[in-house]
Amino acid sequence: MMGTVILGTGSSLPKRIMTNKDLEVIVDTDDEWIFSRTGIRNRRIGGAGEKTHQIAADAGRKALEMAGILPEELDLVVVGTISSHMLMPSCACFVQKELGAVNAFAYDINAACSGFIYGMDMADKYIRSENQKKILVIGAETLSGRLNWKDRNTCILFGDGAGAAVFGHSNDSTRGVVGSNLHSDGRLWRLLHMHTAPSTNPDLEVPDNPGAHIIMEGREVFKYAVKAMEDSVCALLKQENISMDSIKLFIPHQANIRILKNLLERLQFPEEKVFVNVSDYGNTSAASVPIALDEANRQGLFARGDTILLCSFGGGFTWGASLIKW
Ligand code: UT7
C-alpha cells in the first residue's frame with residue numbers, strides 16, 4: 001500500500017517586525033492587554049517584494065530545496081490564501097511563475113486558516129490515486145493589507161507569512177498522511193468574514209459594504225474554535241484508531257494562546273508536546289500551520305515514524321485535523 005509523504009518543508013517571513021508597543025501608537029491598546037489576551041508579542045508585516053505570492057514562492061523554494069526536487073518536477077501547486085494581491089489569476093499561478101514550475105497546474109483554496117490542512121488532504125488524495133504526482137502545498141497570507149487598522153479588536157491579532165510542504169509518494173506503508181477530518185459551517189459566516197471590493201453591478205452590491213477587511217466577533221469565534229478543534233481531533237483519533245499518547249508533536253493553528261490552552265485542557269493533552277510560536281508571528285491564517293510545521297521540522301522535534309497531529313479553525317467556518325506519520 002502506497003502512502004503520501006512530506007519530502008520537504010519551508011517557510012518565509014517578511015523582514016519587518018511590528019511589536020505590541022508599535023501598535024500602541026496606532027490604536028488604543030497596550031502590550032499587557034494584547035499579550036495576556038492572546039499570547040502575541042510580535043507579528044511580521046509585508047513590505048516591498050513581500051507580496052503573498054512572493055513569500056509563498058520563497059517558502060516553496062525552501063521546501064523544494066529540502067526535498068531535493070526541481071520546480072519542473074512539480075505536477076501541482078496549491079496555495080491556501082485569502083489575501084492574494086489579485087482575485088485572478090490565482091496566487092498559485094503567480095507562485096508557479098516565480099518558481100518556474102512549468103509542468104504543474106496551479107490553483108488556490110479559499111478556506112481561511114484551514115487552507116493548508118484542506119490542501120494537504122487534497123494532495124494526499126491526488127497522490128493516492130495517481131502515485132507519481134509531486135505536489136507543493138503552501139499556506140500564505142499578507143493579512144496586514146486586509147485589516148482595518150482602526151479596529152483594535154482585529155488589527156492586533158494577525159500577521160504575514162508563508163509556509164510550504166512538498167508531498168510525494170512512498171512505498172513504505174508505515175509512513176505518510178494517515179488521514180484527515182475536515183468540516184465547514186457556512187451558516188456561521190458572519191462571525192468572521194471579509195468582503196471583496198464593491199460590485200460594479202449595483203444589483204449585486206452588498207448594502208453598506210464596509211470594505212475588504214476582516215470583521216470578527218472575537219468571543220463567539222473563540223468558543224466555536226475551541227469546541228470545533230476538540231471535536232475534530234477526537235473524531236480523527238477515533239477514526240484512525242490512534243491514541244492521544246502516541247502523538248509525538250501537536251501542531252495546532254496559532255491563533256491565540258488562550259484558545260490553545262482551552263483546547264489542551266479539554267483534550268487533556270500535555271503542553272510540552274505542543275508546538276507554539278504565536279508570540280512571534282500572531283495569527284498568520286493559512287500560513288500558521290505550515291510555518292509551525294517547518295520550524296518544528298528544522299528544529300528536529302520529530303523523526304522518521306513519529307506521529308504528528310495538525311489542526312486548524314478559521315473563517316467560513318472551516319476547521320479540521322490531520323495526522324501524519326513522518
Ligand atoms: O483563526 C481564528 C481567528 N480568530 C481568533 O483567534 C479570535 C478569537 N477571539 C479572541 O481571541 C478574543 O475574543 C480576543 C482576543 C479577540 C478578544 O478578547 P476578549 O477577552 O474576548 O475581549 P472582548 O472582545 O470581550 O473585549 C473585552 C474588552 C472590551 O472593552 P469593554 O467593552 O469591556 O470596555 C474591548 O473593547 O477589551 C476591549 N478591547 C481591547 N482593549 C485593549 C478589545 N480589543 C482591545 C485591544 N486593546 N486591542
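The values are calculated or read from the model by the stated rules, or taken from the named source; none is laboratory data. All values derive from a computational prediction rather than experimental measurement. Neighbour counts are summed over all protein chains in view; Cβ atoms, including those assigned to glycine, are modelled from backbone coordinates with ideal geometry. These area figures cover heavy atoms from the full protein model, side chains too; ligands, DNA and RNA do not enter into them. Shrake-Rupley method; radii C 1.70, N 1.55, O 1.52, S 1.80 Å.
Quick look at the values:
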read-out	value
Close pairs from segment 271-289: first open to solvent by 20 Å² or more (accessible area, probe 1.4 Å), partner away from the ligand (no atom under 14 Å from the Cβ) and part of a loop (DSSP other than H, G, I, E, B), Cβ under 8 Å, at least 6 apart	Tyr281/Leu13
Qualifying residue in segment 42-53 (condition: within 16 Å of the ligand (Cβ to nearest atom) and open to solvent by less than 50 Å² (accessible area, probe 1.4 Å))	yes
Matching residues, segment 220-262, being in a loop (DSSP other than H, G, I, E, B) and among the β-branched types (Val, Ile, Thr)	Ile242
Residue satisfying all of: in segment 14-38; open to solvent by 40 Å² or more (accessible area, probe 1.4 Å) and part of a loop (DSSP other than H, G, I, E, B); farthest from Ala255 (Cα to Cα) among these	Val25
Tally, over segment 184-209, of residues that are loosely packed, with under 12 Cβ neighbours inside 10 Å and either assigned to a helix (DSSP H, G or I) or touching a residue at least 60 places away in the same chain (Cβ under 8 Å) (or both)	7
Scan of segment 213-234 for residues that are open to solvent by less than 40 Å² (accessible area, probe 1.4 Å) and either of a type in the set (Val, Ile, Thr) or away from the ligand (no atom under 16 Å from the Cβ) (or both), ordered by number	Ile214, Val221, Val226, Val233
Only one of Val102, Val79 that is touching a residue at least 24 places away in the same chain (Cβ under 8 Å), touching an Asp or Glu at 6+ places or on another chain (Cβ under 7 Å) and assigned to a loop (DSSP other than H, G, I, E, B)	Val102
Residue count for segment 156-179, restricted to those that are charged (D, E, K, R) and within 16 Å of the ligand (Cβ to nearest atom)	1
Ser173 vs. criteria free of Cβ contacts under 8 Å to residues at least 24 places away in the same chain and open to solvent by 20 Å² or more (accessible area, probe 1.4 Å)	no
Residues within segment 249-266 that are buried (at least 20 other Cβ atoms within 10 Å of the Cβ) and either within 16 Å of the ligand (Cβ to nearest atom) or more than 19 Å from Trp326 (Cβ to Cβ) (or both), tallied	9
